[in-house]
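Taking it in order: structure first as structure tokens, then the write-up.
The values are calculated or read from the model by the stated rules, or taken from the named source; none is laboratory data. This is a predicted model, so every value here is computed, not measured. FYI the Cβ positions are ideal-geometry reconstructions off the backbone, even for glycines, and counts take in every protein chain you see. Remember, those area values only see protein heavy atoms, side chains included, never the ligands or the DNA or RNA. Shrake-Rupley method; radii C 1.70, N 1.55, O 1.52, S 1.80 Å.
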Amino acid sequence: MPELPEVEVVRAGLQPVVSGAVVSGVEILDPRSLKRHGGPSDDFVDRLVGGTIDAAVRRGKFLWFPFEPARAHDEPLALVAHLGMSGQVLLRDRDAEPDRLMRIRLDVESPAVGPIRLAFVDQRIFGSMALDETVPTLDGRPAGFAGPRLLGSDPDALDARGHRDVPGAVGTDADPADWVRRVPHQVSHIARDPLDPAFDERRVIARLLARRTGVKRALLDQGLLSGVGNIYADESLWAARVHPEQPTESLSAARARVLLAEVRVVLLRALGEGGTSFDAQYVNVNGQSGYFSHSLNAYGRQGETCPRCGTPIVREAFMNRSSHFCPRCQRVR
DNA sequence: CACACACCCTGTTTGC
DNA sequence: TGCAAACAGGGTGTGT
């Protein structure tokens, strides 16, 4: 469940369960799911067991759990999870039948719900878990979103750009905990996402216009802005009436602002519908699917009519994937 | 530094 | 029905 809304749905589902939870047991069923862990499986297990998870934090498509090891460590650690193309984190009873494609099993004692299992399930093994050191954020702002509820679920908390920035809430500037302003080393090169209160819109637009590539490639560059993948790139470009191959250097700042505004609208709408799901592969922590697939205007709709003008949506090969757009509404100009 | 591309993997769906 | 090919929403490393 790979893009920002789907990862946020998972994060929000885990946050109340993992906060303050003590890890009681870890089993690596497939070591390939630890490929981003800088050490052997034994090291992963040994350092995790007995420790306490502080929270569930997300930046873009990356999810991590700030973590206090059983024995005081010189540097704060984080358990980093990336879902890749097909990863899931599912909450299961410990005596439940194991999920067939479970790669990592984490048993925790949760203050909120008691003993429970976090099952890392991943068909294609593009996802991973890892223990990683953390570094302070460069701008001194919170490293990601760690709120107690789904991002965007409280309309009163959103500012004009769709940002949530509530003083005093976990994961905002007012939170004194150390982990709030520390980011896992392997996430530190990932840019902030467009729903992050610390997202620097002017700087991102300046960098976007300075590139010499197609605008969709830029939208997918997680070092420029994070959280947008193939589905939401296509949906945002459709909403903003921008062709995916529109050269970035030909965009006006005004058009770039409109595009980023549409990115936010699309991400927030998807959040409101629990994310996009095409099948059982993409589910929340309880195994339930979202509904945004019913709201798609371009993605996966090749041959069907554009909801705006009635022209058939086309699909074109793009970076080993596909772009879907309306050839009439979205022209290179 | 920025960009384009190859690569990593497996299970399910499709088309013959 | 059986089989192979196509397909899938990710990030990273490398070479230019």
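The C-beta contact set for region A:305-329 (first residue at positive phi, second residue surrounded by 18 or more Cβ atoms within 10 Å (Cβ to Cβ), distance under 7 angstrom, 6+ apart or interchain) is empty. Within region A:24-51, residues that are under 19 Å from A:Arg100 (Cβ atoms) and touching a residue at least 24 places away in the same chain (Cβ under 8 Å) sit with their Cβ atoms under 6 Å from residues that are open to solvent by 30 Å² or more (accessible area, probe 1.4 Å) and of a type outside the set (S, T, N, Q), at 6+ positions apart or across chains, in these pairs: A:Glu27/A:Arg105; A:Leu29/A:Arg103; A:Asp30/A:Arg103; A:Ser33/A:Arg103.
Number of residues in region A:289-333 that are among the polar types (S, T, N, Q), away from DNA strand B (no atom under 16 Å from the Cβ) and either out of contact with any helix residue (DSSP H, G or I) (no Cβ under 9 Å at 6 or more places or on another chain) or modelled with pLDDT of 90 or more (or both) equals 4. For region A:149-159, the count of residues that are of a type in the set (A, V, I, L, M, F, W, C) and modelled with pLDDT of 90 or more is nonzero.
Take A:Asp139 and tell me if it is in a loop (DSSP other than H, G, I, E, B) and more than 16 Å from DNA strand B (Cβ to nearest atom). Yes, satisfied.
When A:Leu106 is tested against (1) closer than 24 Å to A:Pro5 by Cα; (2) within 16 Å of DNA strand B (Cβ to nearest atom), exactly one condition is not met: (2). Scanning region A:78-103 for residues that are away from DNA strand B (no atom under 12 Å from the Cβ) and either of a type in the set (Asp, Glu) or not assigned by TED's automatic domain parsing to the domain that holds A:Phe44 (or both) yields A:Asp93, A:Asp95, A:Glu97. Would you mind stating whether A:Gly223 is within 13 Å of DNA strand B (Cβ to nearest atom) and more than 15 Å from A:Val258 (Cβ to Cβ)? Yes; evaluated as a whole, the condition is true for this residue. In this entry, A:Arg192 passes the filter for residues that are outside the structural domain of A:Leu267 (by TED's automatic domain parsing), more than 11 Å from DNA strand C (Cβ to nearest atom) and touching a strand residue (DSSP E or B) at 6+ places or on another chain (Cβ under 8 Å).
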